[in-house]
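Undergrad: A single structure is presented below for examination.
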């Protein structure tokens, strides 16, 4: 079993995918190059910038710090799947309304990271929002508008529940 | 950049992992949050990656004979949420939020952090401060090493290329345990410029069995023994002065030796205040 090429079966955005992958292929390259899911972006390729964030079995990870071969048997959700399932429509709208993006390169990762925090429920403080997004770099906005958008959605979701 | 080619094997058990590690130039893959970055940058080019993520039973946190045992595959995020860690290993609980970022903590492992032995990492210093032990499995069976003997040099530990770190053990905290943790980093989640992990036992108004482990100041975590003696006697400023004898931080890309020495004193004052309080 110590080989370079491996057959994997992964549930990507709810659909089963079977592919043969080179062990050295990172998850984000697999998603982009083999599955044409280009919403996950490649930035620094060493785990610093957060542009490649995806969800594995409901947990947000760096797509550049995981190998595709490691995802055999796992569920992978990308921004295409999460946005397509209407899970973050309010968050996307808040980003647009508050200019929480300019070039958009960081936005898919930023949305997934923010949704992970928001899914815990309650209204996080601005400090907690900043801490949770600290591993996602944005070079355009200065973060203020992003924190505003996440905070607004947290308040709206909490209000909708009560 | 992209990794150079390598073969990949998924270990089914610890014994299977040890068997696979007999291959020349094989490396263990746990959380991969440091290893895969170095593969991407081609700073390491192993022939074989042995993935231990599928081995069951390595992700347990358990109280055993007065120790907290943390399995090699316990993720940072899992430890952060653990009631056992919060109660019985409060120093580690204080340190965990400083490690990387949430997505890194979702995947990175406690065992990997110790085995990697970055000189500016939080957990190695915590385990040294706590007088913890490292459980290692190798081709000749199992052995246990004290944390202070485990860290040998820059990214160098008592692990041979044929060994696997199976678990760490730290003494469980009791009602009189006192802990403190602080670090300076330029941005939240960065490796520390200087950091300090400390633990002690309250003895009336004084402290006993005080252990101060600085990180980011040398190739491995460093005990500040003269400062420990001074602080145990209650003299914080004497302890800060004693750091001159204990630490010889070298310049690095983050700060000069002088800046690090100064920051070490600032951290010691902060941690001294924390040590005066019972953990909440």
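Read-outs: derived from the displayed coordinates by stated rules, not from any lab. Since the model is a prediction, treat every value here as computed from it, not as a measurement. In this analysis, Cβ positions are derived from the backbone assuming ideal geometry, glycine residues included, and neighbour counts consider all displayed protein chains.
Undergrad: Given the criteria under 30 Å from residue B:199 (Cβ atoms), part of a loop (DSSP other than H, G, I, E, B) and either out of contact with any helix residue (DSSP H, G or I) (no Cβ under 7 Å at 6 or more places or on another chain) or more than 14 Å from chain A (Cβ to nearest Cβ) (or both), does residue B:57 qualify? Even if it seems obvious, please write down each step before you answer.
TA: Working: under 30 Å from residue B:199 (Cβ atoms): yes; part of a loop (DSSP other than H, G, I, E, B): yes; either out of contact with any helix residue (DSSP H, G or I) (no Cβ under 7 Å at 6 or more places or on another chain) or more than 14 Å from chain A (Cβ to nearest Cβ) (or both): yes.
Yes; evaluated as a whole, the condition is true for this residue.
Undergrad: What do you reckon, is residue B:87 in contact (Cβ under 8 Å) with a residue 60 or more places away in the chain and more than 16 Å from residue B:167 (Cα to Cα)? I'd like the intermediate steps shown before the answer.
TA: Values: in contact (Cβ under 8 Å) with a residue 60 or more places away in the chain: yes; more than 16 Å from residue B:167 (Cα to Cα): yes.
So residue B:87 fits the description; yes.
Undergrad: As an exercise: evaluate residue A:20 against (1) part of a loop (DSSP other than H, G, I, E, B); (2) within 26 Å of residue B:55 (Cβ to Cβ) and give the number of the one condition it does not meet.
TA: Residue A:20 satisfies all of (1) part of a loop (DSSP other than H, G, I, E, B); (2) within 26 Å of residue B:55 (Cβ to Cβ) except (1).
Undergrad: In region A:15-59, what residues are away from chain B (no Cβ under 11 Å), over 21 Å from residue B:39 (Cα atoms) and buried (at least 18 other Cβ atoms within 10 Å of the Cβ)?
TA: A:35, A:37, A:39
Undergrad: Output the residue which, of all residues in region A:69-84 that are at the interface with another protein chain (Cβ under 10 Å from one of its Cβ atoms) and in contact (Cβ under 8 Å) with a residue 60 or more places away in the chain, is nearest to residue B:189 (Cα to Cα).
TA: My answer is A:69.
Undergrad: Can you tell me which residue within region B:23-41, out of those that are in a helix (DSSP H, G or I) and within 7 Å of another protein chain (Cβ to nearest Cβ), is surrounded by the most Cβ atoms within 10 Å (Cβ to Cβ)? Reasoning before the result, please.
TA: Taking region B:23-41 first, the residues in a helix (DSSP H, G or I) are B:35-40.
In the following step, the residues that additionally are within 7 Å of another protein chain (Cβ to nearest Cβ) were identified as B:36-37, B:40.
Values: B:36: 27, B:37: 19, B:40: 20.
Of everything passing the filter in region B:23-41, B:36 is surrounded by the most Cβ atoms within 10 Å (Cβ to Cβ).
Undergrad: Condition first: assigned to a loop (DSSP other than H, G, I, E, B) and either closer than 23 Å to residue B:191 by Cα or within 12 Å of chain A (Cβ to nearest Cβ) (or both). Now tell me which residues in region B:1-22 satisfy that.
TA: Residues satisfying the conditions are B:1, B:2, B:3, B:4, B:5, B:6, B:11, B:12, B:21, B:22.
Undergrad: Which is within 26 Å of residue B:88 (Cα to Cα) and crowded, with 22+ Cβ neighbours inside 10 Å, of B:249, B:221?
TA: B:221
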